[in-house]
1. If only Cα atoms are counted, what is the Rg of segment 150-328, and what is its Dmax, in Å?
2. What's the longest uninterrupted piece of the chain once you rule out the GluC sites (Glu not before Pro) that are loop residues per DSSP with at most 14 other Cβ within 10 Å?
3. Just the accessible area per residue of the chain, please: how many Å² with a 1.4 Å probe?
4. In segment 150-328, if the dipole is taken from +1 on Lys/Arg beta carbons and -1 on Asp/Glu beta carbons about the Cα centre, which of Trp234, Ala284, Val193 is farthest to the positive end?
5. When the Debye formula is applied to the Cα atoms of segment 159-214, each taken as the same point scatterer, what base-10 log of I(q)/I(0) results at q = 0.19 Å⁻¹?
6. Given segment 77-146 reduced to its alpha-carbon atoms as identical point scatterers, what log10 I(q)/I(0) does the Debye formula return at q = 0.14, 0.21, 0.23 Å⁻¹?
7. From zero up to wherever the largest Cα-Cα distance of segment 1-153 sits, split into 5 Å bins and tell me the percent of pairs in each.
8. Restricting attention to segment 65-150, which trypsin sites (Lys or Arg not before Pro) occupy a DSSP loop and are surrounded by at most 14 other Cβ atoms within 10 Å?
Amino acid sequence: MGSSKLHQNDANCVWVDGPVIVGAGPSGLATSACLTQQGVPSLILEKSDCLASLWQLRTYDRLKLHLPKQFCELPLLGFPHNFPKYPTKHQFISYLESYAGHFSIQPRFNQAVQSADYDHILGFWRVKTQDSEYISRWLITATGENAEPVIPDIPGINKFNGPVVHTSSYKSGSEFKNQRVLVIGCGNSGMEVSLDLCRYNAIPHMVVRNTVHVLPREMFGFSTFGIAMALIKWFPLWLVDKFLLLVANFILGNTDQVGLRRPKTGPIELKNVTGKTPVLDVGALSQIKSGEIKVFQVMEGVKEITGNGAKFMDGQEKEIDSIILATGYKSNVPTWLKGCDFFNKDGMPKTPFPNGWKAEKGLYTVGFTRRGLLGTASDAVKIARDIARQWRPNDSCSNSHVILLKET
């Protein structure tokens, strides 16, 4: 019962009995499954032609989950037992497809939401796509924090003679064999892409503008994230951060010496406050230490891209063959959700975690916690329970609204 019962008229105006969910990624699927468990139907609208389009269409081939699988499970159905500790991109996609099948979730694909407005007269949400309008009492935004690539405005980048690729379009270093590649960004994507480039004899030059926390993916055979989550139940945050940095320095050494300066704020506190994720090292740091990955510590950033290279604010110049933008993603909610001040200009809920999942007038958000899939699972369960308390199937009032909408 993943899909909601629909009532449609000739003008492509569709009444949805349950909530409309925008986005068929992990957040949308988890919420739909939790609603199904509560006996509430739902309808997912997805702009692409597949589930989890970010994972299927905009991730590099060697990607694996950065956290152990127990921290990445969606509610009500875990990973297969034969999956490794850190599932690959393809294993995670197969899990999501099995998840959708298990709960009979059938999104409407190729439905790009252009606007969503609350109709104050009727008391319903009107969600418009390119060819239909969907009407519902509830709207769930599940497009998440990573809906659109962030493309920085760097002077001269249009004059560059070589390829300029965002990591959302990067698949493998095989396309960059023996090239000098400027990688702008030093988060998990920037580090992993640089490592992948090394494996194809490319020479990555990674631009580091900001401070960054690099932690080992595991400490003493246990997941660093798992250790942090266990310790935080018993100790204050500052002490957990202090412990993580102490062990990280013991295992990795002083990252400042290789051009990766640490922020003054600890890694977990920084993640909670700003959403900036620490880099979990899977091998890039050793390549930096050996000089295979060149680090450009340019705190002022790139001044200008020329036809065959880059000029930096500190006067340095470098000839390069290709540019990869590891500059992350952003929410796209402000482009389609209208007349709502629940989200800030960056498309994130103004109310911080753990209370950012519910707005007013039947509006909910999932996947905006800055806490990964654990945060998604938490939000999905809360939303489903809240809507279930309001749910009245075969409500005569709802049916009268269907007639009213068909007459307008």
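The values are calculated or read from the model by the stated rules, or taken from the named source; none is laboratory data. No experiment lies behind these values; they were computed from the predicted model shown. Virtual Cβ from ideal backbone geometry, glycine too; neighbours counted across all protein chains shown. Side chains included, ligands, DNA and RNA excluded: accessible areas come from the protein's heavy atoms. Shrake-Rupley method; radii C 1.70, N 1.55, O 1.52, S 1.80 Å.
1. Cα only, segment 150-328: 17.0, 55 Å (Rg, Dmax).
2. 1-299
3. Values: 18680 Å² over 408 residues.
Averaged over the residues of the chain, the accessible area is 46 Å².
4. The residue sitting farthest along the positive end of the dipole is Trp234.
5. Each listed q maps to, in turn, -0.64.
6. For segment 77-146 at q = 0.14, 0.21, 0.23 Å⁻¹, log10 I(q)/I(0) is -0.65, -0.98, -1.06.
7. 2, 9, 17, 20, 18, 14, 9, 6, 3, 1, 0
8. Those that pass, being in a loop and sparsely packed, are Lys85.
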